[in-house]
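What follows is a set of notes on a single structure, which appears directly below.
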Amino acid sequence: APANRDPHGNPDVVRYIGMLEAPSRLETLQVATVVERLAPAPDAVIGDLGCGPGSFAVAFAAAAPRGLVYAADVEPAQLDALRAKIAGDKYPNIVPVLASFDDPHFPLGRMDLVFIGDTYHHLQDRVAYLSRLKACLAPQGRLAILDYKPGDQPVGPPKAHKLEPGVMERELRAAGWKQVAKYDTHPWHDFEVWVPAQTE
């Protein structure tokens, strides 16, 4: 089998997808809580960056039945798993997108919400990536990030695979974003919402 394109994931893609869809992991992600807090409009255009097999993409598609969900991942097998999940006209408002390492290939100026779930620490050259990502947002568009808290925890990747404390905030501010919300809903994750900083 081809090696996983995501260098941060298990090289065995099938095993990696199984881990991502494990009930114990989904329980820690609290998918329904995330969607409830972000409350996308029924016609929202949403980007799920690093969508994996689509747990969040499906939930966003259900919450925005008149909108579109662009589900982007660098690994084709992840998108195949998503396609299998939505086969038979389930969630026709989900658009699988094969991302590049430096670009999710979302339409410019259209996204009401971009969501990055357990993927921020996988991104390469993050300041440049996040700087370019602003161009994808519609007016009043938001960026939501759910990522594992720094340090050792009983769930998630080991400490060495995660960012050091304060790194994500510094990078986002350097990329031209400002934080507008932070939710204390997840014991093992930081859950934050950012918007482009206004130019003075």
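The values are calculated or read from the model by the stated rules, or taken from the named source; none is laboratory data. Just so we're clear, the structure is a prediction, and the values are computed from it rather than from any experiment. Positions of Cβ are backbone-derived with ideal geometry, glycine not excepted, and every protein chain shown enters the neighbour counts. In case anyone asks, the SASA skips ligands and DNA or RNA and just uses the protein heavy atoms, side chains included. Shrake-Rupley method; radii C 1.70, N 1.55, O 1.52, S 1.80 Å.
Counting only heavy atoms of the protein chains, get the accessible area per residue of the chain (1.4 Å probe) and round it to a whole Å² value.
Per-residue value: 48 Å².
Place a point 7 Å from Cα of GLU164 in the direction of its Cβ. Which residues in region 97-136 have their backbone N less than 20 Å from it?
Hits in region 97-136 for GLU164 at 20 Å: 120-128.
Rounded, prolate or oblate: which fits the chain when a ≥ b ≥ c are the square roots of the eigenvalues of the alpha-carbon gyration tensor, with rounded for a/c under 1.5 and prolate only if a/b beats b/c?
Since a/c stays below 1.5, the shape of the chain is classed as rounded.
What is the set of long-range amide H partners of ILE94 at a cut-off below 5 Å, with H atoms built 1.01 Å from backbone N?
Amide H neighbours of ILE94: VAL69.
Using a Förster distance of 45 angstrom, determine the FRET efficiency expected from the C-beta separation of LEU98 and GLN198, and round it to 0.05.
0.85
Considering Cα pairs under 8 angstrom that are at least six residues apart, work out the relative contact order of region 96-200 and quote it in whole percent.
About 26 percent, as a whole number.
So, with a 1.4 angstrom probe, what is the percent of accessible area on the chain that is carbon and sulfur?
54
What nm value, rounded to one decimal, do you get for the distance between SER24 and THR185 when each label is placed 7 Å out toward the C-beta?
2.4
Residue-wise, which Karplus ³J(HN,Hα) couplings in Hz belong to region 112-127, taking 6.51 cos²θ - 1.76 cosθ + 1.60, θ = phi - 60°, and x for glycine or proline?
Residue by residue, region 112-127 yields 6, 8, 10, 10, 10, x, 6, 10, 3, 6, 8, 5, 9, 6, 4, 4 Hz.
Can you say what percent of the DSSP beta bridges in region 41-162, counting only those with both residues inside, are antiparallel? Round to 5.
So the antiparallel bridges in region 41-162 amount to around 5 percent.
Can you tell me how region 1-107 classifies by the Cα gyration tensor, rounded, prolate or oblate, using a/c under 1.5 as the rounded cut?
The shape class here is prolate.
Between exposed chymotrypsin sites (Phe, Trp or Tyr not before Pro) in the chain, where DSSP calls loop and at most 14 other Cβ atoms lie within 10 Å, what's the longest gap?
1-100
With every protein chain present, what accessible area does LYS178 have (1.4 Å probe, heavy atoms only), rounded to the nearest 10 Å²?
Here the residue's solvent-accessible area equals roughly 80 Å².
Identify all lysines with a Cα-Cα distance to LYS182 below 29 Å; exclude those on the same chain that are fewer than 8 residues away in sequence.
Result set, ordered by chain and number: LYS134, LYS149, LYS159, LYS162.
Would you mind counting up the charge near ALA81? Only other residues with Cβ under 12 Å from its Cβ, with Lys and Arg at +1 and Asp and Glu at -1.
Neighbourhood net charge equals -2.
Using amide H atoms built 1.01 Å from N in the peptide plane, name the residues 5+ places from GLY47, or on other chains, whose amide H lies under 5 Å from its own.
Amide H neighbours of GLY47: TYR70, LEU113, VAL114, PHE115.
Provide MET19, MET111 ordered by accessible surface of protein heavy atoms (probe 1.4 Å), highest first.
MET19, MET111
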